[in-house]
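> First the structure, then my questions, so here it is.
The values are calculated or read from the model by the stated rules, or taken from the named source; none is laboratory data. Bear in mind that the values here come from a model prediction, so they are computed numbers and not experimental data. Cβ sites come from the backbone with ideal geometry, for glycine too, and all protein chains shown count toward neighbours. Heavy atoms of the whole protein, side chains included, go into the accessibility calculation; ligands, DNA and RNA do not. Shrake-Rupley method; radii C 1.70, N 1.55, O 1.52, S 1.80 Å.
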Amino acid sequence: MAAALTREGGEDAFRRLFRFYRQRDASDLRGVVDFSAPGGQVFRSQLSISSVSDQDAYRAGLQPVSQWKAYGLSGYPGFIFIPNPFLPGCQRHWVKQCLKLYPEKPNVCNLDLHMAPEKTTDLWGQSKEQLRRKGSSKWEPRSLLEKLRWVTLGYHYNWETKKYSANHHTPFPSDLAFLSEQVAAACGFRGFQAQAGILNYYHFDSSLGIHVDESELDHSRPLLSFSFGQSSIFLLGGLKREEAPTAMFMHSGDIMVMSGFSRLLYHAVPRVLPNPEGTALPSCLSQAPSSDLPVGSVIEHSSDEDWQVCAKYLQSSRINMTIRQVLAEGQKFPEESGTNGKGQAPSEDSDHENSKAKRHKPNTVT
C-alpha cells in the first residue's frame, strides 16, 4: 500500500507517504525499516572506536563504543543509525533533564509565546503533582509540562526568520554537550561543538512536519538526534520532496546521525507509536543507573519521586533532542539589523511542526 502511494499523481511523494503513516488506523507497517532486525537496504556501519575512550563513554552514560551497533542505509550516504547505546538506566538522566532542567529560564520554550515570564519559570514545580496523580482519562486538564512542545538551547532558533543569531544565545548545557561530543567523535567527527539544541516533546497525536535542517551556517558538521520514551516512525527523503522517503522505526535510546549528503535531506515524523513491547514504558527505562557511576560522570541519579513524574509523562509521550553545531571554527554570524532575536514560533497545537513545515521554503546558505 505504501509503495503504491508513491506512484500516485497529485501531491509530492513525500507528502503522500507522510499522510499515509499519519493516519492512526494505518496498520500496514511492513514497509518500515526496523534496525533491531536489519536487512535489505540496511548495512553495518563502521565507527571510530579509538576516538572515544571507554572512560569518556561511561562518563556520558554510554556503553563502550566497541559494543555499539551502527547501521547505514543504501542510498543515504552519511546517515548513521545507532540502536540504544546507553548504559542501563542512563536514559533516565536525559529524560529528567528535558522535563525538569532544560525548560528552565534562560532557555526558551513555546509557552513563552502565550504566558507571562513568571508563569513559565518553574514548569516542573507547577506540573509534578498533577502529573503524578494523572489518570487515563483524556478529558483531564493538561499540566504545563504536557503543553510543552519545544525548548531551544544555546543559539536559540528563530522560528519566523529560520535563523540563529549572536544576540540570542544562552549557555549550552555542559552535560548534553559532553554526550554530543562523544557520539559525534564515535561517528568520525572529532571536535564537534554542541552549539544549539531543539528539544521536541511529542504525544500520541503529535507529528513533525516535512522539513530540512539548513539554518546552521556550517553544514559540514553532523546533526545528532536522540529519542526517549515511546516509539515513532521517521521518514528520511531526498533533496526534493518528489523523492519518496524511507520509513524507519525509532525507539527509546536510539540515536540518528545525519551528515554529509544526508545532512540536508527532507525528513519528518508522521506518527508516534506505543513501544513495541506492549508495556507502558520500554524495558530500557525500567531500571535506575548504576550506583557506582565513574568519577566525572555527567549522569545524575534521579530521586524516586522525580522519576515517577517522568515515567508518568512518558507513558503517552516521546522526547527528541536534536543537537547542532551552528558555526564552523572561527566563523561568525553575518551582521543583521532590525531583528530582536526571538521571533515567532509555531502555534501550540499537536500538529504545530507540520503547519510550520508547510511554509518552509529551502534557501541556499553559502
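> Express in whole angstrom the spacing between the alpha-carbon centres of segment 242-296 and segment 157-201.
18 Å
> Quick one: dipole size for segment 32-324, taken about the Cα centre, charges +1 on Lys/Arg Cβ and -1 on Asp/Glu Cβ, in debye to the nearest 20. All intermediate terms of the calculation are to be shown ahead of the outcome.
On the way: 27 positive and 27 negative charges, 89 e Å.
Using only the charged Cβ atoms, the result is roughly 420 debye.
> Here is a follow-up. Can you give the helix-only mean residue ellipticity at 222 nm for the chain, where every DSSP H stretch with n ≥ 4 adds -39500 (n - 2.57) and the sum goes over all residues, rounded to the nearest 500 deg cm²/dmol?
So the calculated ellipticity at 222 nm is -5000 deg cm²/dmol.
> Return the aspartates and glutamates within reach of LYS163: Cα separation strictly under 18 angstrom, same-chain partners fewer than 8 residues apart disregarded; answer none if there are no such residues.
List returned: ASP213, GLU214, GLU216, ASP218, GLU335, GLU336, GLU353.
> Let me ask you something else. Is segment 228-278 best put as rounded, prolate or oblate by its Cα gyration tensor, with a ≥ b ≥ c the root eigenvalues, rounded for a/c under 1.5, and otherwise prolate when a/b is larger than b/c, oblate when not?
oblate
> Once the chain is represented by equal point scatterers at the alpha-carbon sites, with solvent omitted, what log10 I(q)/I(0) does the Debye formula produce at q = 0.08, 0.12 Å⁻¹?
Relative scattering, expressed as log10 I(q)/I(0), comes to -0.37, -0.90.
> What does the highest-first list of 196-203, 261-268, 65-72, 167-174 look like by mean Cβ count within 10 Å?
196-203, 261-268, 65-72, 167-174
> Pairs of alpha-carbon atoms within less than 8 angstrom and 6+ residues apart define the contacts here; what relative contact order does segment 32-324 have, in percent?
27 percent
> Kindly flag which residue pairs out of LYS100/LYS332; LYS119/LYS162; LYS119/LYS312; LYS100/LYS312; LYS147/LYS240; LYS162/LYS332 have an alpha-carbon separation exceeding 21 Å in this structure.
Beyond 21 Å: LYS100/LYS332; LYS119/LYS162; LYS119/LYS312; LYS147/LYS240.
> What does the accessible area per residue of the chain come to in Å², with a 1.4 Å probe and no ligands, DNA or RNA counted? Write down the numbers at each step before the final one.
Working: 15930 Å² over 366 residues.
On a per-residue basis, the chain sits at 44 Å².
> Ok, one more. Just the number, please: carbon plus sulfur as a percent of the accessible area of the chain, 1.4 Å probe, no ligands or DNA/RNA counted.
Exposed carbon and sulfur together represent 49 percent of the surface.
> Give me the aspartates and glutamates in straight-line cross-link reach of LYS69: C-alpha distance below 15 Å, same-chain residues under 8 apart excluded.
LYS69 reaches ASP34, ASP254.
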